[in-house]
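**Student:** Just passing along the structure, written as structure tokens.
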Amino acid sequence: MQQNLPLPLVRQIMTEFAEQTGLSSVRRPPSRYLWTDAFGVCNFLELYRRTGDDSFKSLALSLVDQVHETLGRHRQDDTRSGWISGLDEDVGRLHPTAGGLRIGKEMNERGPADPFDEQREWDRDGQYYHYLIKWMHALQCVAAATSESVYSRWARELASKVHAAFVFTSAIDGRKHIHWKMSIDLSHPLVPSMGLHDPLEGFITYSRLQADRGDGPEESPRLDLMREIRELADICRGRNWATDDPLGIGGLLCNGLQLAQLIVRDRSGHDKLLSDLLDSSLLGLESYLKTNTLLLPAHYRLAFREFGLSIGLHAVERLQGLMLKETDSFKESAALSARIEKLMRYQQVGEQIERFWQDEAHREGDTWMEHRAINMVMQATSLAPDGFLQVP
């Protein structure tokens, strides 16, 4: 896949995103959604890195602030008000992630007495573990780009809070699990089942946050994440990560790059886990491509899920480069390189996805317009992925 991708198109997409979601326009109220905004922050940082234009850095920081001010507070249609952490105004601004962050769905969360409706639950607010993990990653990217440790501290405060709320010990098997969705105030689960890759993404993200943790007096012992990392490692043990969902496959490939970066950084010895992720990704790709979904017309396809895969295939390229540069950091470098070489044979799949959705006619249908904001930011990430993948 191309290394020097169309930066003017990425600039155009992200400028439009800022206007359409009320980030850069006072005429529009803020329309914040946690997953979308996590990718948006990384895209603005990449534009800043590639162009040197301070306005993109300002947009990234403004987006962080707007997410905290919007999704860190109770909804306007809620009887509650203020920070969802319960902190007062001034302290809440110093610790905006201390109560977690709402998803940003249009409908309010399901009340305790309301019956569960699986279909409507997708449209209801609350807190998603996997969205919160993405926001921790975005904050970590901001900390790296600005050298401002407060963003890393906010990420660890978020990790500490949501881990305590989402992770529980099952009465059935006595093992720890992770709730998929919690109430806005984190007082009770809304969807108790666990996402397939949630413990994996949590383990890798917490480990990266822990590696960035400083030793200064401002570091609270409460934000040491070693216990949480051990609990997630236990949940991960023995699990099968394979999926034929393109977004899930792409996520696994991104996780593989992140894990390899961690191995190089601290010699963590997670080669076996990395092998498992690459094997699962290969199985998933083979299964997904047999469905021939990428041959269907646009109105049968979801762009953001496909962009998840193309972003992951960009991660494979970066992973191959990292392996060549840091061979001695890996115990099983030859076996890992062989797996990566097999994955590299699928690079044309990512190119196919990017070409398809660059066709304006394919972006005029319902499936694009219904998910316009998330489609836009993930298209931008696929075209310029290094801000999200944290590749210098």
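The values are calculated or read from the model by the stated rules, or taken from the named source; none is laboratory data. Note that this is a predicted model, so its numbers are computed, not measured. Note that each Cβ is placed from the backbone with ideal geometry, even for glycine, and that neighbours are counted across all protein chains shown.
**Student:** Could you tell me whether any residue of region 375-392 is out of contact with any Pro (no Cβ under 9 Å at 6 or more places or on another chain) and surrounded by fewer than 18 Cβ atoms within 10 Å (Cβ to Cβ)? Can you show your working first?
**Tutor:** Taking region 375-392 and keeping what is out of contact with any Pro (no Cβ under 9 Å at 6 or more places or on another chain), we get 375-382, 385, 387-390, 392.
With the extra rule that they be surrounded by fewer than 18 Cβ atoms within 10 Å (Cβ to Cβ), the set shrinks to 392.
Looking for residues that are out of contact with any Pro (no Cβ under 9 Å at 6 or more places or on another chain) and surrounded by fewer than 18 Cβ atoms within 10 Å (Cβ to Cβ), one finds at least one in region 375-392, hence yes.
**Student:** Go through the residues of region 30-38 one by one and say whether even a single one is among the small types (Gly, Ala, Ser) and either over 30 Å from PRO6 (Cα atoms) or buried (at least 16 other Cβ atoms within 10 Å of the Cβ) (or both).
**Tutor:** Start the filter on region 30-38 by keeping residues that are among the small types (Gly, Ala, Ser), which leaves 31, 38.
Now drop any that are not either over 30 Å from PRO6 (Cα atoms) or buried (at least 16 other Cβ atoms within 10 Å of the Cβ) (or both), which leaves 31, 38.
Within region 30-38, one or more residues are among the small types (Gly, Ala, Ser) and either over 30 Å from PRO6 (Cα atoms) or buried (at least 16 other Cβ atoms within 10 Å of the Cβ) (or both).
**Student:** If you check every pair at least six apart or on different chains, which have Cβ atoms under 8 Å apart with a residue in region 4-17 that is more than 14 Å from THR36 (Cα to Cα) and modelled with pLDDT of 95 or more first and a residue that is assigned to a loop (DSSP other than H, G, I, E, B) and not β-branched (Val, Ile, Thr) second?
**Tutor:** Short answer, once both residue conditions are applied: VAL10/ALA384; THR15/SER24.
**Student:** Consider only pairs whose beta carbons are under 8 Å apart and that are at least six residues apart or on different chains; among these, list those whose first residue lies in region 224-242 and is among the aliphatic types (A, V, I, L, M) and surrounded by 14 or more Cβ atoms within 10 Å (Cβ to Cβ) and whose second residue is part of a loop (DSSP other than H, G, I, E, B) and at pLDDT below 95.
**Tutor:** LEU225/ARG213; ILE235/ARG175
**Student:** How many residues, within region 15-67, are among the small types (Gly, Ala, Ser), part of a helix (DSSP H, G or I) and closer than 14 Å to GLY104 by Cβ? Reasoning before the result, please.
**Tutor:** Narrowing region 15-67 to residues among the small types (Gly, Ala, Ser): 18, 22, 24-25, 31, 38, 40, 52, 55, 58, 60, 62.
If we keep only those that are part of a helix (DSSP H, G or I) as well, we get 18, 38, 40, 55, 58, 60, 62.
From what's left, closer than 14 Å to GLY104 by Cβ: 38, 40.
The qualifying residues number 2.
**Student:** Residues of region 76-106 being surrounded by 19 or more Cβ atoms within 10 Å (Cβ to Cβ) and closer than 24 Å to ASP123 by Cβ, which ones?
**Tutor:** Matches in region 76-106: ILE84, GLY99, GLY100, LEU101, ARG102, ILE103, GLY104.
**Student:** Still on this structure, I have one more. Restricting the search to region 328-362, which residues are crowded, with 17+ Cβ neighbours inside 10 Å and more than 22 Å from GLY250 (Cα to Cα)?
**Tutor:** Passing the criteria: SER329, PHE330.
**Student:** Given (1) charged (D, E, K, R); (2) in a loop (DSSP other than H, G, I, E, B); (3) modelled with pLDDT of 95 or more, where does ARG213 come up short, assuming only one miss?
**Tutor:** (3)
Here is a yes/no grid of residues against (1) touching a His at 6+ places or on another chain (Cβ under 7 Å); (2) not charged (D, E, K, R):
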| position | (1), (2) |
| --- | --- |
| ARG28 | no, no |
| GLU69 | no, no |
| ARG73 | no, no |
| SER81 | yes, yes |
| GLU89 | no, no |
| ALA98 | no, yes |
| GLU109 | no, no |
| GLN119 | no, yes |
| ASP123 | no, no |
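**Student:** Let me ask something else. Kindly indicate whether any position in region 161-172 is among the small types (Gly, Ala, Ser), over 21 Å from HIS95 (Cβ atoms) and out of contact with any His (no Cβ under 6 Å at 6 or more places or on another chain).
**Tutor:** Of the residues in region 161-172, the ones among the small types (Gly, Ala, Ser) are 164-165, 170-171.
If we keep only those that are over 21 Å from HIS95 (Cβ atoms) as well, we get 170-171.
Those left that are additionally out of contact with any His (no Cβ under 6 Å at 6 or more places or on another chain): 171.
Yes, the conditions are met somewhere in region 161-172.
**Student:** So, one more: State yes or no: is LYS161 of a type outside the set (A, V, I, L, M) and surrounded by fewer than 23 Cβ atoms within 10 Å (Cβ to Cβ)? If you could, list the steps in order and put the result at the bottom.
**Tutor:** On the way: of a type outside the set (A, V, I, L, M): yes; surrounded by fewer than 23 Cβ atoms within 10 Å (Cβ to Cβ): yes.
Criteria met by LYS161.
**Student:** Still on this structure, I have one more. For the structure I just gave you, tell me whether GLY92 is farther than 24 Å from ILE311 by Cβ and not in a loop (DSSP other than H, G, I, E, B). Even if it seems obvious, please write down each step before you answer.
**Tutor:** Details: farther than 24 Å from ILE311 by Cβ: yes; not in a loop (DSSP other than H, G, I, E, B): yes.
Criteria met by GLY92.
**Student:** Of all the residues that make up region 150-189, how many are more than 20 Å from ALA138 (Cα to Cα), part of a helix (DSSP H, G or I) and polar (S, T, N, Q)?
**Tutor:** 0
**Student:** Still on this structure, please answer the following. Would you check which residues across region 290-304 are of a type outside the set (Ser, Thr, Tyr) and under 23 Å from GLY365 (Cβ atoms) and list them? Lay out the reasoning, then the answer.
**Tutor:** At the first step, the residues of region 290-304 found to be of a type outside the set (Ser, Thr, Tyr) are 290, 292, 294-299, 301-304.
Within region 290-304, ASN292, LEU294, LEU295, LEU296, PRO297, ALA298, HIS299, ARG301, LEU302, ALA303, PHE304 meet the criteria.
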